[in-house]
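The values are calculated or read from the model by the stated rules, or taken from the named source; none is laboratory data. All values reported here derive from a predicted model rather than from experimental measurement. Cβ coordinates were reconstructed from backbone atoms using ideal geometry, including for glycine residues, and neighbour counts include every protein chain displayed.
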Amino acid sequence: MIKIAIAEDNSFLVKTLVNKLSFFDDITVKFASDNGAELIKMLDNNHNIDVILMDIQMPEMDGIKAAEIIKKKYPQIKIMMLTIYDDDDSVFKAIKAGANGYILKETDPRSMYENIKELLSGGAPMTPSIASKTLKILRRDNFNIAQGEQKDFDLSKRQLEILEQLSKGLNYNEIAANLFISPSTVRKHIENIYAKLEVHSKIEAIQKAQKHRLL
């Protein structure tokens, strides 16, 4: 079952989103909030969430600031920015904040479902108009992409998740809580990560992972 949280200050749109998702038996909406600060409080009580559908313009704390905070605390949660805005500035800020996907609120139920599935499979779904703007941003700002040799070191999906959490500065207990496993299991995974990367510390592991574009 795919567990969804919604952050949207318009109650009518919340109902619309819930209705769109209700067509699919493998999706459940766990809770909804009307601003980013409230969403973070809800996640602190229950972070067993797979995907957040996040509005950008909200009172008290907007979606971009909320995404930035959530990605630091719970990097395993995927964030789909769901908005009527597709301007360059919003796209750029959302991507920098850690958004995994960016689609318009008018997206039909089937497309929204497929976008959520793509997100959970490691993709980065974007509405075509937004994808076009993202490419323009990349060209305009002349982003420098690391040229290090890409190599996966045979790391498992779980080990990559733990490596990502380590890179956010989370400790063993916090990683265990985020991934719903024991601290001893986290420790064992980290030992295996170090062995596969041929490193001896967290800093070395993160640096090598970044060099080879694992993060």
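Values for this structure:
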| quantity | calculated |
| --- | --- |
| Candidates Ala7, Ala66 - the one that is in contact with a Ser or Thr (Cβ under 8 Å, 6 or more places away or on another chain) and aliphatic (A, V, I, L, M) | Ala7 |
| Residue list for the range 91-112, filter: among the charged types (D, E, K, R) and at pLDDT below 85 | Lys93, Lys96 |
| Filter pass, Ile49 being under 25 Å from Tyr172 (Cβ atoms), within 16 Å of the chain's Cα centre (by Cα) and of a type in the set (A, V, I, L, M, F, W, C) | yes |
| Subset of the range 1-25 that is of a type in the set (D, E, K, R) and within 20 Å of Gly101 (Cα to Cα) - its residue that is surrounded by the fewest Cβ atoms within 10 Å (Cβ to Cβ) | Lys3 |
| Search result, residues across the range 113-156 that are surrounded by fewer than 15 Cβ atoms within 10 Å (Cβ to Cβ), at pLDDT 65 or above and assigned to a loop (DSSP other than H, G, I, E, B) | Ser121, Gly122, Gly123, Lys151, Asp152, Asp154, Ser156 |
| Failed item, numbered, when Leu215 is tested on (1) at pLDDT 85 or above; (2) surrounded by fewer than 17 Cβ atoms within 10 Å (Cβ to Cβ); (3) under 20 Å from Tyr74 (Cβ atoms); (4) in contact with a Ser or Thr (Cβ under 9 Å, 6 or more places away or on another chain) | (1) |
| Residues of the range 177-205 that turn out to be in contact (Cβ under 8 Å) with a residue 24 or more places away in the chain and within 16 Å of Asp154 (Cα to Cα), as a count | 7 |
| Candidates Ile84, Ile103, filtered to the one that is among the β-branched types (Val, Ile, Thr) and surrounded by fewer than 17 Cβ atoms within 10 Å (Cβ to Cβ) | Ile84 |
